[in-house]
Structures are given as C-alpha cells and as structure tokens.
C-alpha cells in the first residue's frame, strides 16, 4: 500500500508555488440533502482533523516554468468522497483550467461517492464528465496522478478520464473499493502496477521522481512543434537490386530498429502505454518526445513484430490526443503484418486496424511516416500518412508478404523471390508508384 498523503502534501510533491482558490461553499440543509443523521457532525470532525472544508482542494500552481490548474482530493475528509460541494470544486477546477488556458493536474485519492448524500452525490460524476468534455474541446491537456486509494467514481471520471495517467507505487486503483470487491478477486488487479500491466495506466512513478516527471510531461504537452520532419536514415547500404534483396535487407536482424530511430530523433521521450481497453502491445512504442529544440512531437513506432489489436488502439489513442493538442505526429512503420492468430481476432483485430486508419485520416496536425523495415500489408499501411510517407534503403512495402503471395497463387515456395520482384516492393519502386515521397 502506498503512503497516504494529504492533499496539500501531494501538491507539495509537484510544486512549491500553489495558490488556493477555495470558493465559499454553498449552504446545505441540516445533515445534507438526505437529512442523514449525524452527517453534519461527521463533516465537522473531518474538517477539524484535516484542516480542510471539503474533500477537494484546488487552485493554480507553477510546475516547472508553466502555469497549471491543480485539484487534489483530501482522503482524510470522509474518504475523499464526492458530494455536492466537492462537485462544485471539481467543476471550478476544470473551469479554471479553461479560463486560464492551462493544463489541468489532478491528484486523485478517493473512495467514491458520498453515501450520506445518496444519488445527489452520484450525479456529481455527470458534472465531472461534462467538464472533461469541455476541457477536451478547448484543446487543453489533463494529467492525473493516482494516489492511494483511487477508486469508485473519482477513478472512473477524474482519473481514468485524463489524457496522461500516472500512479504512485502500490496505490489501490480500481472501480471497486477494497470493501466491495468479490471475496475471491485477485488483489493484484486493483493496484497501480496491475492497472499498468492491463493498459489502463501510463506509468508508475516513485514519489521522489514525481515532480521531475510531471514537469517533463507539462512541458511536452504544451510545446508542440510545427511539424515532424522524417528522421535521418541510420543505415547507408545500397538500394536493393531486386525485390528479394529488399525483403532480406528489411528482415536483417542487424538493421536499425524503432528504438534506435527514436533515440536519435528525440532528446527526451515520455511513453504512453496501453489501449485503455485492457491490452498492451510491447511491439508498439507510443508517447510524446521532445526534440533538441525543446518542441514536442508525438510518436507511434512499430518494433518489427506482428502488431496486436492493443497496439493499434494505443496508436489511435495517441494520435487523437496529439491532434487535439496540436502536436504533430511521427509514425515508424516496421511490421510483417497485423497479428492474425485466434486471440488477435477475438480481441478485434479488424476494428483496431480500422481505428488506426481512421485516426491517421482524421488528424488535422501534420503526420509524417518513415518506413524503416518491413511494411506488411494493411497492418503496416494503417499507420502510414497519405502523401507524407518516406522510406529507408533497407525497407519494403507490399500488399502481402512474397511467401504468402506465392502460396495464394499456388506457386512453390522457391518462387517467392520471383513473386517479390513482381510485387515491386523495393523503396525505389515505391517512389515510382507514388506510394512514398522519397528515400531518406
């Protein structure tokens, strides 16, 4: 279990310059909207114990050299629960971010909605959802840090609704709190680490590293580059003489891979992990990186493996986030094709590939693609920018792998090299066909 920090101690992990914006709280009927006996007394004890008038603190802060709106839950105040007054403060925090045109940072530690206010408390989630929509429409980022615990409606709206989700080690994270889970539930599923493995959290960050990590994220989310030029080639061999030469060069285990291209292109990288649907794909690297000029470019990079549905969904999520924030996108294509095993089909391979195609097609920001290895069929094309795709010398793009094409045409396996030649899949062929703009 993570250390349970107060709201102001949690804010202190990020910044030393916080200005409280606590509003005058609305008047409430005795013991709240349900006339719950003893509710006023419970609130008074919570206020005396924590020094806070409600379960949410909010205001403005400097994080690094950027202004931000900050909200933090005070778990010591009735379990950080959401009631009508807490909803007022959450709404005000989101509105403050919009009015100031700054990122929103939320520090979530809550057990859920406040029972003493019944359905009135639960409807605060609808208010938060509406504010989240307005923040997204305004093109402003929301970064959250999940503390212990981050459960119930606070997790399912403020936390899970953020663009970037960080968590403290050992924090309880899940819709079901510890007292309402099934008796036989796997406790690991309700931890920050479990949610990271399931694709619902982007990173687990130690408290001593939180300020630096959040500062880097705020800088990246608010420093968009104008465009994403294609990376320079990391290999300098000759152009392939034949189609089969192109295939062999692209499949060479020694050629440069996505990690090398990303390391050369960026001075700092901040990963975004998981598809938010319960899946991850280690063969797809996604995130936002800072270049040497301090400007941000989002990246989506295949690592040479068959891309799984979770990889395409993660890519689509990142491209849409970048588009909303005005950050250009770089995609690196390198896959023999989309995963086509039974598990991939059950996980929605077709829908996930369609989602990636749609995200690229709908993007209003510049999208640049570099083909760095294998370009296997629609699983590769899904991440390729129309009219702005480039290729390296050790790459190929094909409607289908030569071996599979030969099999479909009922040719013997030894005819694969001849079939590769017919497919015109070499980089120079792709330039002639107008599939790629040029060879880097």
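Please work out which one of (1) surrounded by 24 or more Cβ atoms within 10 Å (Cβ to Cβ); (2) in a helix (DSSP H, G or I) is the condition residue 127 fails and give its number.
Of (1) surrounded by 24 or more Cβ atoms within 10 Å (Cβ to Cβ); (2) in a helix (DSSP H, G or I), only one is false for residue 127: (1).
Inspect segment 401-421 for any residue being within 29 Å of the chain's Cα centre (by Cα), under 28 Å from residue 359 (Cβ atoms) and buried (at least 20 other Cβ atoms within 10 Å of the Cβ) and give the result as yes or no. Break it down into steps so the answer makes sense when it comes.
Just the residues of segment 401-421 that are within 29 Å of the chain's Cα centre (by Cα), to begin with: none.
Checking segment 401-421: not a single residue is within 29 Å of the chain's Cα centre (by Cα), under 28 Å from residue 359 (Cβ atoms) and buried (at least 20 other Cβ atoms within 10 Å of the Cβ).
Hey, does segment 256-268 have a residue that's in a strand (DSSP E or B) and surrounded by 21 or more Cβ atoms within 10 Å (Cβ to Cβ)?
no
What residue, of 311, 326, 373, 379, is in contact with a strand residue (DSSP E or B) (Cβ under 6 Å, 6 or more places away or on another chain) and surrounded by fewer than 24 Cβ atoms within 10 Å (Cβ to Cβ)?
Exactly one residue qualifies, and that residue is 326.
For the condition outside any helix (DSSP H, G or I), in contact (Cβ under 8 Å) with a residue 40 or more places away in the chain and in contact with a strand residue (DSSP E or B) (Cβ under 7 Å, 6 or more places away or on another chain), what is the one hit in 19, 52, 3? Even if it seems obvious, please write down each step before you answer.
Working: 52 fails: in contact with a strand residue (DSSP E or B) (Cβ under 7 Å, 6 or more places away or on another chain); 3 fails: in contact with a strand residue (DSSP E or B) (Cβ under 7 Å, 6 or more places away or on another chain).
Only one candidate passes the filter, namely 19.
If you scan segment 63-92, which residues turn out to be closer than 18 Å to residue 121 by Cα and either free of Cβ contacts under 8 Å to residues at least 40 places away in the same chain or outside the structural domain of residue 157 (by TED's automatic domain parsing) (or both)?
Selection gives 77, 78, 79, 86.
Scan segment 417-426 and tell me whether some residue there is out of contact with any helix residue (DSSP H, G or I) (no Cβ under 6 Å at 6 or more places or on another chain), assigned to a helix (DSSP H, G or I), under 24 Å from residue 321 (Cβ atoms) and touching a residue at least 24 places away in the same chain (Cβ under 8 Å).
There is no residue in segment 417-426 that is out of contact with any helix residue (DSSP H, G or I) (no Cβ under 6 Å at 6 or more places or on another chain), assigned to a helix (DSSP H, G or I), under 24 Å from residue 321 (Cβ atoms) and touching a residue at least 24 places away in the same chain (Cβ under 8 Å).
Could you tell me which of the residues 58, 39 is crowded, with 20+ Cβ neighbours inside 10 Å, more than 29 Å from the chain's Cα centre (by Cα) and at pLDDT 90 or above?
On the way: 58 fails: more than 29 Å from the chain's Cα centre (by Cα).
Answer to the selection: 39.
For segment 190-210, name all the residues that are in a loop (DSSP other than H, G, I, E, B) and touching a residue at least 60 places away in the same chain (Cβ under 8 Å). Walk me through how you get there before you give the answer.
We begin by selecting, within segment 190-210, every residue in a loop (DSSP other than H, G, I, E, B); these are 198-202, 205-206.
Listed by number, the residues that qualify are 198, 199, 200, 201, 202, 205.
Out of (1) touching a residue at least 60 places away in the same chain (Cβ under 8 Å); (2) out of contact with any helix residue (DSSP H, G or I) (no Cβ under 9 Å at 6 or more places or on another chain); (3) under 30 Å from residue 173 (Cα atoms), the odd one out for residue 213 is which?
(1)
Could you tell me how many of the residues in segment 154-189 are part of a helix (DSSP H, G or I) and either buried (at least 23 other Cβ atoms within 10 Å of the Cβ) or at pLDDT 90 or above (or both)? Reasoning before the result, please.
First, pick out the residues of segment 154-189 that are part of a helix (DSSP H, G or I): 154-159, 187-189.
In the following step, the residues that additionally are either buried (at least 23 other Cβ atoms within 10 Å of the Cβ) or at pLDDT 90 or above (or both) were identified as 154-159.
Matching residues across segment 154-189 total 6.
Checking residue 115 against (1) in contact with a helix residue (DSSP H, G or I) (Cβ under 9 Å, 6 or more places away or on another chain); (2) on the phi < 0 side of the Ramachandran plot; (3) at pLDDT 95 or above; (4) surrounded by fewer than 21 Cβ atoms within 10 Å (Cβ to Cβ), only one condition comes out false. Which one?
Against the list (1) in contact with a helix residue (DSSP H, G or I) (Cβ under 9 Å, 6 or more places away or on another chain); (2) on the phi < 0 side of the Ramachandran plot; (3) at pLDDT 95 or above; (4) surrounded by fewer than 21 Cβ atoms within 10 Å (Cβ to Cβ), residue 115 comes up short only on (3).
Among (1) modelled with pLDDT of 95 or more; (2) assigned to a loop (DSSP other than H, G, I, E, B); (3) over 18 Å from residue 297 (Cβ atoms); (4) in contact with a helix residue (DSSP H, G or I) (Cβ under 7 Å, 6 or more places away or on another chain), where does residue 231 come up short?
Among (1) modelled with pLDDT of 95 or more; (2) assigned to a loop (DSSP other than H, G, I, E, B); (3) over 18 Å from residue 297 (Cβ atoms); (4) in contact with a helix residue (DSSP H, G or I) (Cβ under 7 Å, 6 or more places away or on another chain), residue 231 violates only (3).
The values are calculated or read from the model by the stated rules, or taken from the named source; none is laboratory data. Being a predicted model, the structure only gives us computed values, none of them experimental. FYI the Cβ positions are ideal-geometry reconstructions off the backbone, even for glycines, and counts take in every protein chain you see.
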